[in-house]
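Read the figures in this text as sums done on the coordinates, not as results from a lab. For clarity, every value in this text was computed on a predicted model and none was experimentally measured. In this analysis, Cβ positions are derived from the backbone assuming ideal geometry, glycine residues included, and neighbour counts consider all displayed protein chains.
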Amino acid sequence: MEKREVGERPFKKVMYAADLHLLTQLAEEEGKAFEKALDILRKRLNEYAVKYGLRDLLDVKEDVARRLAEAVYKELSEFNDVSFGVKTLAALIAYREYVLGRRGVFGVAAWYWLEVGGSAWLLYHTPKTAHDKAEKTKVERPVAVEEMITEALRRLLLKPGADHYHGFVEELTKGGKPTLELEEKKTKEKAGSYVFRLYRIEEGGLKELGVELRIAKVGEGEGAGITYTLVFDVERWLGFFKPELEAGVKAAEVAGGCLPVEDRLPYMLGWVASDVAISKGLLKMSTSHLW
């Protein structure tokens, strides 16, 4: 992601140029590297558990680790008795989600104890105590606008190993990198949110693409999170998703015989991707998790 100044004074604008092809490659490599790291960690913990007779301490239950990594604050006390092995695996999963923009409560603890506190005491404390001690420091990792845009595009378009939106990425990158401009008015209307409009740099100036990227904080306190949404001008983009919508129509016809469906369109789109919907002439695709 590059930060650029476009135009001449006094009309110069700050734009953010995204290399979607490079992001696609990095996302695929990152996904493979993370799965490899998880696999190595599981194997090492199991080896030490057997070698030194430490099964009670190092036994790795991956399903429990993933539930801990995704737990909300009020659920942390349910994991007081989990093993070091479970907390270690959960810390790696939660830490990755934290640095990529998802503020899970165990991710907050993992980030603090691994980066700020520089201590393995994360694994000695219960998950709730580890989180509470991290919260007391009130240390928050600063996130640059470029990082937020990069993560939004990653989560919305670049699922590692998937090419469902390959054609869409190609459409956005015709002639060069897509660029994003912060819409100051819309951003100021809602605290904790950012709204960007997508353009493409062409000869003679900028071409507006009819797409908005919205990054918004959802909820407060322990339950807060970040939601990323791409909003399309339906008249300009609906035709691009025609194959998916036609498949959705067929699914809606089947569902219509079983469900009291008044408006089939949300069901059509929901069949393709649960995070997609049409509202007031706009097609919206949102996510808050890695797909």
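A simple spin-label model places the labels of Val72 and Ala144 3.5 nm from each other, with each point 7 Å out along Cα-to-Cβ.
A crude spin-label estimate for the pair Lys51 and Glu8, with each label 7 Å from Cα along the Cβ direction, gives 6.9 nm. A convex hull fitted around the alpha carbon atoms of region 21-136 yields 103 Å³ per residue. Listing Arg155, Arg42, Arg4 from fewest to most neighbouring C-beta atoms within 10 Å gives Arg4, Arg42, Arg155. Each of His131, His125, His21 was scored by other Cβ atoms within 10 Å of its Cβ. Arranged with the fewest first, they read His21, His125, His131. Taking Lys and Arg as +1 and Asp and Glu as -1, the other residues whose beta-carbon sits under 15 Å from that of Glu183 total +1.
Ordering Phe240, Phe84 by the number of other Cβ atoms within 10 Å of each residue's own Cβ, fewest first, gives Phe240, Phe84. Using R0 = 35 Å, the C-beta based FRET efficiency linking Lys207 and Glu115 works out to 0.25.
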